[in-house]
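Report on the following structure.
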Amino acid sequence: MEKLPMTAGGLQRLQDELKTLKSVERHAVIKAISEAREHGDLSENAEYHAARERQGFIEGRIKELENKVARAEVIDISKLSGKIIKFGATVTLSDEESGEKMTYQIVGVDEADVKQGLLSISSPLARALIGKTVGDSCDITTPKQGHKFYEIMEVVYC
């Protein structure tokens, strides 16, 4: 079984969502199905079909989250150090063309949010950065931006 690297915060968010789905959402959809059944003919009952569809989504998401939580490999970033980029590193980059600086933390797939500076370990940029250090250049081709060159300005673990 392949492990999923993530931070402690990322695992906690998955566990919180799983708990909400099991203890709140699941019960609410069962109640909605029960109420929709009381309206009569199920073949033409849109509320019933919508509730059943929602139930299928919730059950599927529960299974997905249980799988991810079971395979989670929590990496304590506070115990990491060094100048080589690896999971958990916060990296400051400079676009070699525009000089624009950006900072990203490399996190697990389910934690990624580029707008908040959280870069998925499986993203093309993160894969290109892994193993590099301050002063190295990195060239990458992305679907959205095309071919870009970045210089690594800083690597921090916190």
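Where a number appears in this text, it was derived from the coordinates with a stated rule and is not lab data. Because the structure is predicted, anything quoted here is derived from the model rather than measured. Counting neighbours? That spans all protein chains shown, and the Cβs are built from the backbone with ideal geometry, glycine included.
With 18 Å as the limit, the listed pairs K22/K115; K19/K63; K63/K86; K22/K68; K19/K115; K19/K68 have K22/K115; K63/K86; K19/K115 beyond it between alpha carbons.
For the stretch 66-140, the convex hull drawn through the C-alpha positions has a volume of 98 cubic angstrom per residue. Evaluate the relative contact order of the chain (contact order divided by residue number), counting alpha-carbon pairs under 8 angstrom at least 6 apart; express in whole percent. That works out to 24 percent.
Within a straight-line Cα-Cα reach of under 17 Å, K148 can be paired with the following lysines, leaving aside sequence neighbours fewer than 8 residues apart in one chain: K101, K132. If both residues of a DSSP beta bridge must be in the chain, then about 75% of such bridges are antiparallel. I want the local charge near R127. Using Cβ-Cβ distances under 15 Å, sum +1 for each Lys or Arg and -1 for each Asp or Glu among the other residues. So the surrounding residues net to +1. The local environment of G82, defined by Cβ-Cβ distances under 15 Å, has a net charge of +1 under the rule Lys, Arg +1 and Asp, Glu -1. Taking max minus min of the alpha-carbon positions on each principal axis, the stretch 5-53 gives extents of 49, 17, 9 Å, largest first.
Summing charges over all other residues whose Cβ lies under 15 Å from the Cβ of E151, with Lys and Arg as +1 and Asp and Glu as -1, gives -3. Proximity of backbone amide H atoms, modeled 1.01 Å from N, is registered between Q105 and V91, L118, L119 at under 5 Å, excluding neighbours fewer than 5 places apart on the same chain. In vacuum, with every alpha carbon of the stretch 98-155 counted as one equal point scatterer, what does the Debye formula give for log10 I(q)/I(0) at q = 0.16, 0.30 Å⁻¹? Two decimals, please. Rounded to two decimals, the profile gives -0.48, -1.48. Taking the longest Cα principal axis of the chain as reference, the axis of helix 26-37 is set at about 30 degrees. Nearest 10 degrees is fine. How inclined is helix 8-20 to the longest principal axis of the chain, computing both from alpha carbons? Taking Cα atoms only, the helix is inclined about 10 degrees.
Computed with the Debye formula from one identical point scatterer per Cα of the stretch 17-155, without solvent, the log10 of I(q)/I(0) at q = 0.20, 0.22 Å⁻¹ comes to -1.11, -1.25. Computed from Cα atoms, the angle from the helix 46-71 axis to the main principal axis of the chain rounds to 40 degrees.
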